[in-house]
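Comments concern the structure below.
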Amino acid sequence: MTQPQRDRLGAAQAELLRALLADGEVPAGFDEERVRIEKRALLNKRRGIVEMLRPDVAAELGERFRPLFDAYARAHPKEVGTRFREDAARFAEWAVARGESTAPKKRWWRRAT
């Protein structure tokens, strides 16, 4: 494979990732319906993991959790190298900053003597 071919392939892959993860346009040559289905599956998976890691936030938001997380995810695609715990914490911070959720109380642990 030549360098120009690699560059074109890399650009197409970047476009596809933007379409799947960041609300970008579906690149030419890809089936829009299949991309839409995969995009929804990836969003559902990410939302489910965040809900599992931060059940306190999901419970507080209740019915608002899904639409709020979906809005967050569209605007904040998960970055390469970011762990899911970090992603969940960022969502919680985002929800607090928007006034949708309250900041968690700090826990003070006492050491047994």
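Cβ-Cβ distances below 6 Å connect the following pairs, each with a first residue in the range 12-38 that is closer than 17 Å to Arg74 by Cβ and modelled with pLDDT under 90, a second residue that is assigned to a loop (DSSP other than H, G, I, E, B) and aliphatic (A, V, I, L, M), and a separation of six or more residues or different chains: Ala19/Val26. If you go through the range 1-46 and keep only what is closer than 27 Å to Glu86 by Cβ, in a helix (DSSP H, G or I) and either of a type in the set (Lys, Arg) or touching a Leu at 6+ places or on another chain (Cβ under 9 Å) (or both), you end up with Arg18, Leu20, Leu21, Val35, Glu38, Lys39, Arg40, Leu42, Leu43, Lys45, Arg46.
Just one of the listed residues (Gly62, Gly81) is on the phi > 0 side of the Ramachandran plot and either within 10 Å of the chain's Cα centre (by Cα) or modelled with pLDDT of 90 or more (or both), namely Gly62. When the range 39-68 is limited to residues that are without any contact (Cβ under 8 Å) to a residue 12 or more places away in the chain and charged (D, E, K, R), the one that is surrounded by the most Cβ atoms within 10 Å (Cβ to Cβ) turns out to be Arg40.
The values are calculated or read from the model by the stated rules, or taken from the named source; none is laboratory data. Being a predicted model, the structure only gives us computed values, none of them experimental. Don't worry about glycine lacking a Cβ; one is built from the backbone with ideal geometry, like all the others, and counts go over all protein chains shown.
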